[in-house]
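Derivation of every value follows stated rules applied to the coordinates shown; laboratory data play no part. A quick note: this is a predicted structure, and the numbers were derived from the prediction, not measured. Cβ sites come from the backbone with ideal geometry, for glycine too, and all protein chains shown count toward neighbours.
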Amino acid sequence: MRKPTIDMKIFAERRKKVAAEIAGGALVVASHPEHIRNHDVHYPYRQDSNLFYLTGWEEPESILIYRPGLNPETVMFVRRRDPERETWDGFRYGPEGCEREFGVDKAYPIDEFKKVAPTLLKEVDKVYYRMYKNPEADHIMQDVLESVKAMQGRTGYGLLPIHDADTLLGEHRLVKSEYELTQLREACEISAQAHLAAMRFTRPGVTERQVQGVLAHQFYMRGSAREGYHSIVASGNSATTLHYNFNDQVCKDGDLLLIDAGAEFNYYTGDITRTYPVNGKFTDEQARVYEGVLKVQKQICDFVKPGIVFKELHDMGTSLLTDLMLELGLLSGRKDDLIQALAQKKYYPHGIGHWLGMDVHDAGLYFKKGEPRPIEANMCFTIEPGLYIPYDDTSAPQKYRGIGIRIEDNLRVTSSGSENMTSSAPKEISDLEKVIGH
């Protein structure tokens, strides 16, 4: 018999916090669809972050209905026990195990959802549900809502109004609890140590895939369940492609290597990018661009504190990196005119960062009621300026062509500034040169 590894009180407390906001309503959260490659080869499964956030439940084909103040309050629909399927695919808790181990009031087999759910939802006046995440669940939900409408008869009630569950839960997930920070710090530290191991392994002649293997090995050996996202291991000009994912080239003497990789720990993920020379020694040109980007990154990290808005960080990144582009001769003209014309996007096409947590681009609004939201303590996000100069860009000075640099750390906002949760991964030139290949 499997036992959950996390204290169920954590999930009960989270549901309680959500309850006040959905009084009179019901929250319906479906599991991620199960990806099957063919009839007997399965992709590794990862639960929908919102369903895990509220229940700790990891099996596919599952739906939660949460009705604060009603009885039963927490209802799960899950797969039945099936000895034959379990022989092939592994253990299932079944409805009884779900009730016993996960602290839900009532659990039913998933195949009874269409029959039971209308009765449960008939007692509420609104539903919180995220459309378009799981097409199969969407289809079943539409049938259930039609059944609820039919049960109301001629009362004049139409379909129950649906509110977006992602927006609701994203706001709860955005400010991290102490428990969440502990998981996220561990994910960040595993990620940082894996980057350090990759630096030590890197030398001319190794392949990007071998470096990726070092990262993955470190993730798993240090307790991570999976990669937080597909690792980018991009050498030479490939580093100028933002989402390069072939990872199949040989790392050459004289080239830079850009690695964007993070481990997931208890459903929280790190997200670190480091860039360094394959041979362990920056050329003057590489060092000049690298130091420029590093200076920008450190300035923005130092600026982070409660009360500022995320847009200020984006604008600061744009302004400082445009200064750097002018200094390097990548752009010419008046800075404000260049920014207005979005000229800087040629070499810096992304934003300065994103929320971080259970998903690498985590839930939570950047704007509230049309206004940029102020940053609060215990929000977590990345700061990741970059400069990407393709080798075939004839308008750039020859000496800088083919250089792609991004430097990314994971920050938690404190009461007066920020904590860098990924500081164990070296980023100063002198530190990098000491570690690479040793």
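Mind checking which of T318, P390, S423 is farthest towards the positive end of the stretch 303-437's charge dipole, using Cβ charges of +1 (Lys, Arg) and -1 (Asp, Glu) about the Cα centre? Final value for the positive-end residue is T318. Ellipsoid fit via the Cα gyration tensor, the stretch 8-172: semi-axes of 26, 18, 16 Å, each the root of five times an eigenvalue, largest first. Seen from all directions on average, the stretch 175-435 presents a Cα convex hull projection of 13.3 nm². Here the stretch 151-297 is assigned +1 on the Cβ of each Lys and Arg and -1 on the Cβ of each Asp and Glu. Its dipole about the Cα centre then comes out at about 180 debye. Quick one: grab the alpha carbon gyration tensor of the stretch 227-336, order the square roots of its eigenvalues as a ≥ b ≥ c, and give me rounded if a/c is under 1.5, else prolate or oblate depending on whether a/b is larger than b/c. Since a/c reaches 1.5 but b/c is at least a/b, the shape of the stretch 227-336 is classed as oblate. Charges were assigned to the Cβ only: +1 to each Lys and Arg, -1 to each Asp and Glu. The resulting dipole of the stretch 8-172 about its Cα centre is roughly 440 debye. Once the Cα atoms are used to define both axes, helix 310-328 deviates from the longest principal axis of the chain by about 20 degrees. Here the sum of -39500 (n - 2.57) over DSSP H runs of 4 or more residues, divided by the residues of the chain, equals -11500 deg cm²/dmol at 222 nm, to the nearest 500. Each peptide among 270-276, 312-318 gets the average number of other Cβ atoms lying within 10 Å of its residues, and from highest to lowest they stand as 270-276, 312-318. Along the axis of the charge dipole computed for the chain (Cβ charges of +1 for Lys and Arg, -1 for Asp and Glu, origin at the Cα centre), the listed residues P277, L145, V289 are led at the positive end by L145. Here the chain carries DSSP beta bridges of which approximately 85% are antiparallel, counting only pairs with both residues inside.
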